[in-house]
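The numbers here are math on the coordinates, done by the rules we state, and not lab data. Predicted model only: the values in this text are computed from it and were never measured. FYI the Cβ positions are ideal-geometry reconstructions off the backbone, even for glycines, and counts take in every protein chain you see.
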Amino acid sequence: MLNEAFQRDARRLKRAVAPELPYIYLSDASNLDGVLARSTHCLGWQTNYNPLLRQFLVDRGEWCGVYPAVIIDVANVRELAADTTITAAVLLLQTFTHELTHALPFAVLPDSRRVPSAETLEQARVDHEKWATAIFNPVPWWQHGLEFTRRALHLHYRATVAGFDVPLDGLCAGPKYALAPPESYRDALGDEPARMAGATFTEILRTPLPIEFRELFRRDCAHYRTLHPPNKEALVA
Ligand SMILES: [Zn+2]
């Protein structure tokens with residue numbers, strides 16, 4: 001379960017690094033037992049809208065509109081932390097920051113306020129179970145490519161300035177995604193995070209990327225493609 005101290009820290013971090021995001025739901029995957037399946041392969045996941053999650057929150061009186069949700073698998077985080085030099089508390093905060101990266105930029109979504117049909121709920125359950133039991137990544141950096149890495153580096157910069165201990169290693173880029181180490185991407189991004197520390201993520205997205213950053217990503221993709229057959233792969237930024 002997510003202890004109170006962590007939840008406080010996570011919400012404080014969100015306010016410091018992404019003030020444009022008015023609210024975020026935060027839950028441990030085990031709280032959703034019987035509602036949304038746990039995944040064996042990840043520390044957490046993020047969704048902007050899931051009808052089953054909405055129903056779950058409505059039933060508990062916790063629904064307050066369409067906002068992103070971050071689900072952390074505390075058991076998986078603790079298991080991984082036991083094998084590394086990072087404490088579970090630090091790994092929890094890093095996992096939260098990673099998932100928060102997926103939630104940005106924040107866009108207001110409509111809330112139909114309709115009770116989802118049984119078919120909609122069933123389809124959501126099937127889709128989630130597919131995701132939870134099988135990894136489908138056309139390329140290792142799928143959903144963690146160019147713009148994800150950029151956003152993560154901005155969040156990391158802001159979190160560090162605000163005094164949070166969020167290790168860069170494991171947050172984004174690196175061998176897990178077949179990319180250069182995050183430090184290389186940080187260097188290639190230059191002073192953009194400092195210059196845009198007060199910007200929204202929509203404003204950041206609209207700003208052209210430094211050429212070095214784009215080039216580094218292009219080289220990483222090209223290197224991966226020389227090592228792996230190109231069929232069925234798509235470059236996903
Ligand atoms: Zn991710």
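Brief remarks on what is shown
- Region 155-211 and region 58-89: distance between their alpha carbon centers, rounded to Å: 22 Å
- Mean residue ellipticity (222 nm) of the chain, computed from DSSP H runs ≥ 4 via -39,500 (n - 2.57), nearest 500: -14500 deg cm²/dmol
- Whole-Hz ³J(HN,Hα) from phi, Karplus 6.51 cos²θ - 1.76 cosθ + 1.60, for region 66-72, glycine and proline x: 7, 10, x, 10, 10, 10, 10
- Residues F217, F148, ranked from the fewest to the most other C-beta atoms within 10 Å, line up as F148, F217.
- Distance distribution P(r), the chain, all Cα-Cα pairs, bin width 5 angstrom from 0: 1, 6, 13, 17, 19, 17, 14, 8, 4, 1, 0 percent.
- Net +/- balance of residues flanking Q7 in space, Cβ distance below 12 Å, scoring K and R +1, D and E -1: +1
- Magnitude of the charge dipole, the chain, Cβ model with Lys/Arg +1 and Asp/Glu -1, debye to 20: 400 debye
- Residues with amide H under 5 Å from that of D28, placed H, sequence gap 5 or more: L2, I72
- Sorted on the mean count of surrounding Cβ atoms within 10 Å across their residues, most packed first, peptides 174-183, 190-199, 66-75 read 66-75, 174-183, 190-199.
- All other residues whose Cβ lies under 14 angstrom from that of P68 are scored, Lys and Arg at +1 and Asp and Glu at -1, for a net of +1.
- Annotation note: trypsin sites (Lys or Arg not before Pro) in region 63-143 located in DSSP loop regions with a Cβ neighbour count of at most 16 within 10 Å are R113, R114.
- 10 Å-binned pair-distance histogram of region 8-83 (Cα, whole percent): 17, 47, 32, 4
- For the pair E212 and R11 in one chain, pulling the backbone fully straight at 0.36 nm per residue adds 69.0 nm over the alpha carbon distance.
- In order through region 91-103: 3J(HN,Hα) via Karplus (6.51 cos²θ - 1.76 cosθ + 1.60), integer Hz, x for Gly, Pro: 5, 4, 5, 5, 4, 4, 5, 4, 5, 4, 4, 5, 7
- Note, ³J(HN,Hα) from phi for region 122-129, Karplus 6.51, -1.76, 1.60, rounded to Hz, x at Gly and Pro: 5, 5, 5, 5, 4, 4, 5, 5
- Label-reachable residues, region 168-192, where backbone N falls under 11 Å from a point 7 Å from L227's Cα toward its Cβ: 175-180
- Simple point charges give the picture: +1 on the Cβ of Lys and Arg, -1 on the Cβ of Asp and Glu, and for region 4-133 a dipole about the Cα centre of about 380 debye.
- Among C42, C64, the order by Cβ neighbours within 10 angstrom, fewest to most, reads C64, C42.
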